[in-house]
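One structure is given below, encoded as structure tokens.
The values are calculated or read from the model by the stated rules, or taken from the named source; none is laboratory data. Just so it is clear, the model here is predicted, and its values are computed rather than measured. Every residue, glycine as well, gets a Cβ built from its backbone with ideal geometry; the counts of neighbours run over all protein chains shown. To get the accessible areas, we keep the full protein, side chains included, count just its heavy atoms, and leave off ligands, DNA and RNA. Shrake-Rupley method; radii C 1.70, N 1.55, O 1.52, S 1.80 Å.
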Amino acid sequence: MRRHETVAFRTAYLITRSAAEAEDAAQDGFVKAYRALGRFRAGAPFRPWLLRIVANEARNRRRTAGRRAALAERAATLSAPLPEPSPEEAALGAERRAALLAALGRLSEEDRLVIGMRWFLDLDEAEMAAALDRPRGTVKSRLSRAMARLRGQLVADAAAVDDAAGERAP
């Protein structure tokens, strides 16, 4: 260990860019190498084998730190209070929501199901394919067609509202 600790630390530091993380990665790398000594090939060079273990540990620590930072940032964003919408914005948002739900209600059950799974349940294509017991490509094309029909329904509804407003104008 003494013979390789400096190079192990430097290897970990190149990856983590943090002295504390590099020390921890090197130490954990030594522990993992010790536990894996039975898998070490006799006659193979020891130093590259050890440094590969240390580098992998340092990469894992860097990835974990990145995930933690992203999670903390998301949590901070989610916990920040949203500004209150103005009464006009709130009314417009309620109108848009009602129009969307009405248009969605006029779609077929299959269209409502794929749109609901994707946008209301937040499932990805793979999860939707598993839930619907359909190939992923089929789910993708069904979702695309359903979204096109929903857009068409919303455009038609908006045109009907515009026509009705035009008839009432003097």
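Listed values, structure above:
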read-out: The stretch 1-79: relative contact order in percent, alpha carbon pairs under 8 Å with at least 6 residues between; value: 36 percent
read-out: Label-point separation in nm, LEU71 to GLU23, each point 7 Å along Cα→Cβ; value: 2.5 nm
read-out: Among (1) 18.7, 59; (2) 14.9, 42; (3) 28.7, 96, the entry that matches Rg and Dmax of the Cα atoms in Å as calculated here; value: (3)
read-out: Computed label-point distance, nm, for sites ARG97 and TYR34 using a 7 Å Cα→Cβ extension; value: 5.9 nm
read-out: The stretch 7-13 - phi-based ³J(HN,Hα) in whole Hz, Karplus 6.51/-1.76/1.60, Gly and Pro as x; value: 5, 5, 4, 4, 4, 5, 5
read-out: Local net charge near ALA26, Cβ-Cβ under 12 Å (Lys/Arg +1, Asp/Glu -1); value: -3
read-out: Shape call, the stretch 74-136: gyration tensor on alpha carbons, a/c limit 1.5; value: oblate
read-out: For the stretch 30-151: relative contact order, % (alpha-carbon pairs under 8 angstrom, 6 or more apart); value: 18 percent
read-out: Global form of the stretch 5-90, assessed from the alpha-carbon gyration tensor, a/c cut-off 1.5; value: prolate
read-out: Net charge over other residues, Cβ less than 13 angstrom from the Cβ of VAL7 (K, R count +1; D, E count -1); value: +4
read-out: Peptide ranges 17-23, 41-47, 1-7 listed from the most packed, as the mean C-beta count within 10 angstrom indicates; value: 17-23, 1-7, 41-47
read-out: Rounded to 10°, Cα long-axis angle of helix 136-168 versus longest principal axis of the chain; value: 40 degrees
read-out: Surrounding net charge for ASP124, when Lys and Arg each add one and Asp and Glu each subtract one, Cβ distance under 15 Å; value: +2
read-out: Test item: Cα-centred dipole of the stretch 65-105, Lys/Arg +1 and Asp/Glu -1 on Cβ, debye; value: 380 debye
read-out: Accessible area in square angstrom per residue, the chain, 1.4 angstrom probe; value: 74 Å²
read-out: Linear extension gain, ARG52 paired with ALA148, 0.36 nm per residue minus alpha-carbon span; value: 29.5 nm
read-out: Charge dipole (debye, nearest 20) of the chain; +1 at Cβ of Lys and Arg, -1 at Cβ of Asp and Glu; value: 1760 debye
